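The structure appears below as C-alpha cells.
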Amino acid sequence: MAEQKQKGKQSEFVRWFAPLLQALKDLGGSAAPREALERIAQIEKVPDALRNEILSSGQERFYNQVHWARQYLVWEGLIDSGKRGVWTLTPKGLQTQLDAKSAREIFLGQVRKRAVIRKPSTVVVGGTPDSNDKPEDTPQADEDASLESFLRVLKGLSPNGFERLSMRLLREAGFERVSVTGRSNDGGIDGVGVLQLNDLVSFNVVFQCKKWEGSVPPKEIRDLRGAMAGRAEKGIFLTTSTFTSNARAEAERSGAAPIELVDGEKLFEMFKRYELGLKPRTVFDIDLAFFEQFR
C-alpha cells in the first residue's frame, strides 16, 4: 500500500497540465512562474497545506509539480520553450483544451518518447511505459539538481557568512552603502542599504537574511515591517527556504510598507544572473519534434 501511494505521488504533477494552460490563458497567454502558480491556486482552490509543503531539496512541492507540468507541455508544443522567466503559450497551446484523459495521454506519450532517448535498445512496442517515470536527462532535472546543490552550499555557511554574501548580492543588484548592522538588539534587521533609482531619486532599505529550514511564516514578515518603521521605505527578506502563502500575502498587504521576499529559488536565479559563485555551461537538449519529420 505504501509503495502504491508513493508511485501515485511521483506522477501527480499531471493534474496541473490543464490548470496551467487555463491559468496562462486567463493571464493573457503569458505569465511569470509565480503569477501562473497564484492563478492555478485560485482556479483549483489549492489548500495551504499543499502550498506550504516542502521537499527535501528545499523547494515547495506545489511549485515543483507545476514546473514539471510546464516541462511536459513544452515538449508537447503547448508552451514556448524559451527562458523560464516568462511562460508563454504557443498558438497550439492557445487553441488546446485539456481534460484529465487528454492530460494523461500527453504524459504517457512523452514518457514513450523520452524512453527512446534514454534506452534506444528497449523501446516499448504495443505497451505502456511506467506511468510514474520522470525523465532525469532534462533541463528541468539539471536545474533542480543545481538548485539543490546551491541551497546546500548556502545552508552550510555561517550566519555571518550568509549575511556578508547577501550584502554582495545586493551590491550586484545596484544597492549602495550596504552594511551589516551586527547588533543583536536591532529588531531582526541584519543590514541596511540605499537603492539609487536615478540621479534624483533614492530610498533606504533594510534587509534580513535567514537560513530557515521550514517555510517562513507571516509573523517574521510582520516583525521585519515593525523593525523598519521610521528607518526605511522598503524591506527585503532573504532566505534559503520558502515563504508560506500567508507570508506572501502579508508581504503584499495593501496599505502596509512593502516587503520584498527572496526565497531559495529566487536567490538561485539572482546568483545565476550575476554569475556569483556559479559558472555557466552550455548543454544541448534533443528536439524530438525535429527528428519526427525524418521517420
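The values are calculated or read from the model by the stated rules, or taken from the named source; none is laboratory data. Because the structure is a prediction, the values reported are computed rather than measured. Glycine also receives a Cβ, built like all others from the backbone with ideal geometry; neighbour counts cover every protein chain displayed. Areas reflect the complete protein model, heavy atoms only, side chains present, ligands, DNA and RNA absent. Shrake-Rupley method; radii C 1.70, N 1.55, O 1.52, S 1.80 Å.
The table for this structure:
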quantity	calculated
Most to least accessible of ASP223, ASP287 (protein chains only, probe 1.4 Å)	ASP287, ASP223
Other-chain or far-sequence residues with amide H under 5 Å of PHE243's (modelled H)	VAL216
Projected label distance in nm at ASP48 and ALA249, using a 7 Å step from Cα toward the beta-carbon	0.7 nm
Phi-based couplings in Hz for segment 104-112 (Karplus 6.51, -1.76, 1.60; Gly and Pro marked x)	5, 5, 4, 4, 5, x, 6, 5, 4
Environment charge of ALA103, counting only residues whose C-beta is closer than 14 Å and scoring Lys/Arg +1, Asp/Glu -1	-1
Label point distance in nm, ASP26-ASP223, each placed 7 Å from Cα along Cα→Cβ	3.4 nm
Accessible area of segment 211-295 divided out per residue, in Å², using a probe of 1.4 angstrom	58 Å²
ARG171-LYS101 FRET efficiency (beta carbon distance; Förster radius 45 Å; 0.05 resolution)	0.30
For segment 218-234, Karplus couplings with θ = phi - 60° (6.51, -1.76, 1.60), whole Hz, Gly/Pro x	x, 4, 5, 5, 4, 5, 5, 4, x, 6, 8, 4, x, 10, 7, 8, 8
Full-stretch length increase - SER81, ASN204 - with 0.36 nm per residue and alpha-carbon distance subtracted	40.4 nm
Placed amide H near ILE236: partners under 5 Å, 5+ positions off or other chain	VAL206, PHE207, GLN208, GLU260
